[in-house]
Amino acid sequence: MRRSLMTVMLLLSIGALAPAVPAVESQLIPEPLYVYQDIPDGYDFPAPSHRLLAAIYANDRQAIREHAWNLWAGLTAPSLSVVNGQRLPIFETWYSADELFEDAAAGKDPLRGPRDFARFFELPSQHLIGRPPDTMLAANFMSFVSYNQAGARHLWENGLFRRATLVDLNNRFNATNQPIEARTIPPFPNDAVAIKVVYGLIKRPDSPQSDNGLTALPIWRPTYPPPADSPPIYLTWLDCVAVDPAGRYPAGSLQPVNCNGTAEAPRVRPSPVVRLNDFYSFQLTTPDQVQQARKFMREPSVGQPEERFVTNAGQVPEIGDFVVLLAMHVTTKEIDDWTWQTFWWSPNPDSSPFGDNRTAKVRGPFRNFEMCTAYDMVLPREPDGGPAICFNPHLEADLGVIVPVTPTGEPMPRDLMNGIKTNCMACHVRAGYPSFDRNDPTAANFGPVRNEGYVPPNDPIFARIVRTDFLWSVAIRSQP
């Protein structure tokens, strides 16, 4: 049922005055509503750039982390929208990349008219970096990219969803010999936000694919030893939790589950039980949802032998299964080079350093996340003097250098642990068009990510491309 604009405006005004609903609750409201909402007031967004820059250069870790946690609290605060009887967090009301690129290129205006709620899943672009286009890594998680309205409007009004816009800019820069630092799209406004979300599958308790009603979920530990022959992708993680959707087992009790084994060669480990309500989750309820989940969660790997990883105990999505939020990249244009913070679910979310400084504004299952920040390509320096490291284990642990490469004229040796040495900003600073073109040595196709410290805007690597203001989604998703 669609509501009039006046009704929606009234609901929004009431919602602004009403106390926040705890994010852990699923409000059963008879009449569905789906309407865009931004980060509300009271979550320190957008923060003044001078204050954030002062914190960066003063190495004020607490101020930076508190700001990042407040952004997380605002993104995950309960919205007014209710779909399938479930109240959505604010980030699920934002504009998907499918709306902003594919739909816009098809002539639809994503910022006007009714929107239908849908989760658009895709394999994370991190898994495409440095790989031939016909290879794909097996994955049992899904991700999608979304923008808030300020970011969406900038894309739409500047035609950045069209590849022709980027081609025309690049041709113009080449024809007029523009200075390298000027070879860029119009910068996004300071209240723009982009996110990338990762989900994982939890089997319904009566499925024969479960472990007596439990699902093993691999958990990242910084102390893991490096795998012998592959990057430390989640398929190599040694520890799991046992997710109990039906509440059959005592929380915290150790139960045997197949932790990163297969049906043919199980790896049974006693793992602590956690409840489904320890996660933000939704249920697969239609054949279309199941089909989409199967495509993106069970895509077979082809190509190099190192990329043929085993899948998770032979599980395939079915109606009644659950999908849980595992991780999220969050970037805001509050400073010129954007702020970068990344979050991942943890059974020990208060452990230091990744659980430090979480604010009281973070509510419900969203408190069960750890986080790191990359507000600078260099600072704060690591104990060995190297540039700052911040990575998401669900997204970057896979970025190891399997075979030596020479992506930009400099050899990059084999380094299976390269991904856990990365920095969000140092990767995204290279975003540009054309990209991932193996036939064009001037493209923003830099192979495996390298954490090399500060990359200035007049670096020669940008001499023949148009920089896309740190956003790979603009470079990759623009439509012909």
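Using the per-residue mean of other Cβ atoms lying within 10 Å as a proxy for protection, in what order, highest first, do the peptides 346-353, 328-335, 222-229 fall?
Put in order of decreasing packing, that is 328-335, 346-353, 222-229.
What order do you get for 275-285, 170-180 when each peptide is scored by the mean count of other beta carbon atoms within 10 Å, highest first?
Highest-to-lowest ranking by the protection proxy: 275-285, 170-180.
Kindly flag which residue pairs out of 108/361; 196/333; 333/361; 196/361 have an alpha-carbon separation exceeding 27 Å in this structure.
Violating the 27 Å Cα-Cα cut-off are 108/361.
Rg and Dmax of the range 198-268, using alpha carbons, in Å: what are they?
Considering the range 198-268 through its Cα atoms, Rg and Dmax are 12.9, 38 Å.
Of all the Cα-Cα pairs you can form in the range 324-402, what percent are over 21 Å apart?
Here the tail beyond 21 Å accounts for 34 percent of pairs.
Hey, if we sort 249, 57 by accessible area with the 1.4 Å probe, largest down, what's the order?
From most accessible down to least: 57, 249.
With point charges of +1 on the Cβ of Lys and Arg and -1 on the Cβ of Asp and Glu, referenced to the Cα centre of the range 173-295, which listed residue (173, 213, 245) lies farthest in the positive direction of the dipole?
After comparing all options, I get 213.
Could you sort 34, 375 by their accessible area in this structure, using a 1.4 Å probe and putting the largest first?
Order by accessible area, largest first: 34, 375.
Could you put 462, 117 in order of accessible surface area, largest first, with the 1.4 Å probe and the full protein assembly present?
Sorted descending by solvent-accessible area, the residues read 117, 462.
Taking amide H atoms as placed 1.01 Å from N in the peptide plane, list the residues 5 or more away in sequence, or in a different chain, whose amide H sits under 5 Å from that of residue 79.
The answer is 88, 90.
The values are calculated or read from the model by the stated rules, or taken from the named source; none is laboratory data. It should be emphasised that the depicted structure is a prediction, and the values quoted were computed from it without experimental measurement. Ideal geometry is used to build each Cβ from the backbone, glycine not excepted, and the neighbour counts take in all protein chains shown. Heads up: the accessible areas ignore ligands, DNA and RNA and are worked out on the full protein's heavy atoms, side chains in. Shrake-Rupley method; radii C 1.70, N 1.55, O 1.52, S 1.80 Å.
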